[in-house]
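Here, each number is a calculation from the coordinates, and none is a lab measurement. This one's a predicted model, so the numbers in the text were calculated from it and none came from an experiment. Neighbour counts run over all protein chains shown; Cβ positions are idealised from the backbone, glycine included.
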Amino acid sequence: DAGVTQSPTHLIKTRGQQVTLRCSPISGHKSVSWYQQVLGQGPQFIFQYYEKEERGRGNFPDRFSARQFPNYSSELNVNALLLGDSALYLCASSLGTPEAFFGQGTRLTVV
Amino acid sequence: GENVEQHPSTLSVQEGDSAVIKCTYSDSASNYFPWYKQELGKRPQLIIDIRSNVGEKKDQRIAVTLNKTAKHFSLHITETQPEDSAVYFCAANNGNQFYFGTGTSLTVIP
């Protein structure tokens, strides 16, 4: 029984670079959300996609973008990386009901 | 928007004792309240949840209570075990997105 899978698990980037993170939801789940978790804090909402359409966006700059593909997988892109973007990026999938299940996350370090 | 506050930030209990973590929320439109357990370096795992039409829910050693009038909800863990040690997050969903608390680091001392 495959859960939410994210890739890569760890990533080191230089300031100013761009990064793409990937997420595959649980089979049958059509909704994917992205969260940023800074060390010692709770996850912060970035985006939600349902049926390939953006359903919500958190308080993040335009450097953050995302999309959802026909197979419901999703990508999160971050441009012009800043040191403050260093965090654990979590993807959560759901059937469209409130229950959300998280992937293991991508640990992004910006140096 | 919603604001979720969580207390305490750290909690230490002796094995076998109970642990209680409390959260408050501000948006009366919030209607779904999950609790997640996150062990070091691992994903947040949904351990229990409650909807706004229910006042209490139990699952073995864990329970959640909700007071809609006061806008607060609590996680109760009874007969704590060392493997309960982790960071626990509460969250509120107002139909648009989840808002998370800042987490409680629970340590169960054997």
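Details
- Cα-projected label distance for B:E83 with A:Q17, points at 7 Å along beta-carbon direction, nm: 3.9 nm
- The range B:36-51 versus the range B:78-110: alpha-carbon centroid distance in Å: 7 Å
- Shape call, the protein assembly as shown: gyration tensor on alpha carbons, a/c limit 1.5: prolate
- Convex hull volume per residue for chain B, taking Cα atoms only, in Å³: 91 Å³
- Listed residues A:L90, A:L21, A:L11, most fluctuating in chain A (Gaussian network, C-alpha, under 10 Å): A:L11
- Convex hull per residue volume in Å³, alpha carbons only, for the range A:21-111: 91 Å³
- Computed E for B:E15/B:N67 - FRET, C-beta separation, R0 25 angstrom, nearest 0.05: 0.30
- Inter-probe distance in nm under a simple model that places probes 7 Å from Cα toward Cβ, at B:S52 and B:S28: 0.9 nm
- For the range B:1-81, the list of GluC sites (Glu not before Pro) that fall in a loop by DSSP and count at most 15 other C-beta atoms within 10 angstrom reads B:E15, B:E39, B:E79.
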